[in-house]
Amino acid sequence: MELTILESGTNTTTASACDSYTWSVNGQTYTMSGTYTETTGCSTEILVLTIDASSTNTTDFSFCGSSYNWPINGEVYTESGTYTHLNGCVTEVLVLTLTVPGTPCDDGDENTTGDTWSQNCTCVGQPVGCDQYVNLVISTDANGAQTTWEIVPEGGGAALCEGGPYTGINNQVIGEQCCLADGCYALRVYDSAGDGMSTGGYMVKLGGSDDVRIIDNAANGQFTDESSIAGGQSFCLPVGEDRVIFAHCDREFWVANQYVVATANAAVSATWVPGGSNAVQPSNSGYEFWIFDPNGTYSYRKFRSHNVSDGFSPASATRACHMKINNWYNTPTTPLIPQGVLMNIRIRGRVAGVNFPFGPACRFKVDALLAQCPPTTLVNTPTMPEFSCGVLKPFGTNTSKIYAWSRPGANRYQFEFTIPGEGDFVKVVTRNNNVCILNWTDMPLIPGITYDVRVRVSMDQGATWCPWGTSCLVTITGAGSSGLVTQPTTATGSLGAIPVEVTAWPNPNSGDRLALSVWNLEASVEKIGLELYDLTGKRVLSTTAQVQAGLVTTGIELEGMGSGVYLLRITAGDLVRTERIVIQR
């Protein structure tokens, strides 16, 4: 007989399971936590078992935005729905309601139309029959959650329109709209932290017109807890046509005793008595100049009548168009315009004591230091033959030119050409005067491309340079084609020509979803075409959208498109409208 002696041993297994566990050593199924043993020959098997009951944790969550990142699993969801993730013995369930700003909704009010989710996901509709809109364009700073706003009737009352806080919408441009009847209203922009909007700001424009500003406080959010016009003053609708001349609009380097000039109003000029002395000229006809700080530190109105020279000569029907800056007594009731503070200037004509509405706003600043070396820009007066801002120009001929406003004492001008949204093309051309001929050979401009062009001057042959001015768009065409960019088309309604209005936001866009609204389309238009082109002319998107009662609200997905400038072409019947879209990832 042969005897084999085996050494005894112990093997311990630690396991965890949900609800039950089957041990492979003995085939037994266990439903409770505990320590279990099984002898197999000379080996003792030990199982240290933890049993956890299965459970389900359901989270109902509503989120305002185009996508939601679920912290449980790190997944990003772009649609409402029910999503699950197994986390140990717990099944996590997310019931997600995703509300995307700019998409259609129903506010439950039969007296509104075109209901869409606002940027803070409030369902907002426009009153039926409303024909007067103002657009509020807000540029948030690093904390959009602190920003809110309201428009109230002059003298106070319940808010007619309001918005914010813009939680999670930081350093972005937001478009809001408000439908208002003719009358006067106060805009109040608030910052809950009391430190203003830092790098942000806002602008109020007349609906349907990109160039009619009512208040311009862009990039000027350095207020405390509230930004509004001083003394509870208001803006009024309708907006008139009186304004400063183009060369004086947005000029931010005025000095005392210079004249800011209004565009002549024929009705005001007609009240001038030709050849008459000041004594016979009307004192109740002329122009009222309103200069105010949108952030509320200053507001002053000066009336320039026909019967007072204000030091300007010769005497003529347009003498009252000229207002001498700070040519009044510095008293508490008539304070001088402060240095270095951004103002707005608006003008209205007056005939026989009856005021016209104030016209569009322009930026205005008294800055004696900047006036010593002022910025300049391309000529932006459409009636001048040198008009160069927003034009189509061919490249490669000695007759194709763009012009900058000349500056006294300047002996060098630099023209900088860049492609909006792209940083890989910069062409700087230096000239001895304010004319730039588009005919160089190194890095030529390409037909079909739109360029941002800005200009600066030097007073010392280029040793030092004054600040760059604001940029203008110049589009390069094929040879033999030049002129102005096509103006927006209008639709015709019972009230006459009603501008077709397009709002696309956020713009610039981070490459996610572009919300698009189109108003005032012809009743016969049932569908619009949408095409997106890059600046090489390549079509990168083509789709359609349904029209309801002259209105389209839709969204365009920009996922997968690179940073740069794109042209969105909107086709609706005879209307063709192009909008510039900037993607900045």
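If the condition is being farther than 30 Å from Met203 by Cβ and hydrophobic (A, V, I, L, M, F, W, C), then region 241-279 contributes Ala270, Trp272, Val273, Ala279. Checked against the criterion of being farther than 30 Å from Val502 by Cβ, over 27 Å from the mean Cα position of the chain (by Cα), among the charged types (D, E, K, R) and surrounded by fewer than 17 Cβ atoms within 10 Å (Cβ to Cβ), region 291-301 contains one or more residues that satisfy it. All of (1) modelled with pLDDT under 85; (2) surrounded by 18 or more Cβ atoms within 10 Å (Cβ to Cβ); (3) among the small types (Gly, Ala, Ser) hold for Gly164 with one exception: (1).
Scanning region 76-118 for residues that are surrounded by 14 or more Cβ atoms within 10 Å (Cβ to Cβ), in a loop (DSSP other than H, G, I, E, B) and without any contact (Cβ under 8 Å) to a residue 60 or more places away in the chain returns Thr78, Ser80, Cys105, Asp107, Ser118.
Among the residues making up region 503-545, none is free of Cβ contacts under 8 Å to residues at least 24 places away in the same chain, in a loop (DSSP other than H, G, I, E, B) and not charged (D, E, K, R).
The residue list Val261, Val268 contains one member that is in a helix (DSSP H, G or I), touching a helix residue (DSSP H, G or I) at 6+ places or on another chain (Cβ under 9 Å) and either modelled with pLDDT under 95 or not polar (S, T, N, Q) (or both), which is Val268. Ala142 fulfils the conditions (1) surrounded by 14 or more Cβ atoms within 10 Å (Cβ to Cβ); (2) at pLDDT 90 or above except for a single criterion, (1). Given the structure, is Asp424 out of contact with any Lys or Arg (no Cβ under 6 Å at 6 or more places or on another chain), farther than 30 Å from Phe289 by Cβ, free of Cβ contacts under 8 Å to residues at least 24 places away in the same chain and not assigned by TED's automatic domain parsing to the domain that holds Val204? Yes. The condition (being more than 30 Å from Leu187 (Cβ to Cβ) and outside the structural domain of Arg513 (by TED's automatic domain parsing)) is satisfied by just one residue among Pro165, Pro71: Pro71.
Each residue in region 352-388 was checked for being among the charged types (D, E, K, R) and either outside any loop (DSSP other than H, G, I, E, B) or under 30 Å from Trp272 (Cα atoms) (or both), and 2 of them qualify. A residue that is within 25 Å of the chain's Cα centre (by Cα), in contact (Cβ under 8 Å) with a residue 12 or more places away in the chain and surrounded by 13 or more Cβ atoms within 10 Å (Cβ to Cβ) occurs nowhere in region 393-415.
Please go through region 51-75 and give me each residue that is surrounded by 13 or more Cβ atoms within 10 Å (Cβ to Cβ), part of a strand (DSSP E or B) and β-branched (Val, Ile, Thr), ordered by number. Correct list: Ile51 only. Has region 5-13 got at least one residue that is outside the structural domain of Leu94 (by TED's automatic domain parsing), in contact (Cβ under 8 Å) with a residue 24 or more places away in the chain, more than 30 Å from Thr99 (Cβ to Cβ) and surrounded by 14 or more Cβ atoms within 10 Å (Cβ to Cβ)? No, because not a single residue in region 5-13 is outside the structural domain of Leu94 (by TED's automatic domain parsing), in contact (Cβ under 8 Å) with a residue 24 or more places away in the chain, more than 30 Å from Thr99 (Cβ to Cβ) and surrounded by 14 or more Cβ atoms within 10 Å (Cβ to Cβ). Checking each residue in region 157-176 for being under 21 Å from Asn295 (Cα atoms) and touching a residue at least 60 places away in the same chain (Cβ under 8 Å) picks out Gln172, Val173, Ile174, Gly175. Restricting attention to region 337-354, and to residues there that are over 32 Å from the mean Cα position of the chain (by Cα) and surrounded by 15 or more Cβ atoms within 10 Å (Cβ to Cβ), which single residue is nearest to Thr470 (Cα to Cα)? It comes out as Arg350.
Within region 331-346, track down each residue that is among the aliphatic types (A, V, I, L, M), out of contact with any helix residue (DSSP H, G or I) (no Cβ under 9 Å at 6 or more places or on another chain) and assigned to a strand (DSSP E or B). Within region 331-346, Met343 is the sole residue that qualifies.
Being at pLDDT 95 or above, assigned to a strand (DSSP E or B) and among the aliphatic types (A, V, I, L, M) is the filter here, so list the residues in region 391-444 that pass it. Answer for region 391-444, where residues must be at pLDDT 95 or above, assigned to a strand (DSSP E or B) and among the aliphatic types (A, V, I, L, M): Ile402, Ala404, Val428, Val429, Val435, Ile437.
Summed over region 546-556, the residues that are assigned to a strand (DSSP E or B) and more than 19 Å from the chain's Cα centre (by Cα) give a count of 4.
The values are calculated or read from the model by the stated rules, or taken from the named source; none is laboratory data. This is a predicted model, so every value here is computed, not measured. Positions of Cβ are backbone-derived with ideal geometry, glycine not excepted, and every protein chain shown enters the neighbour counts.
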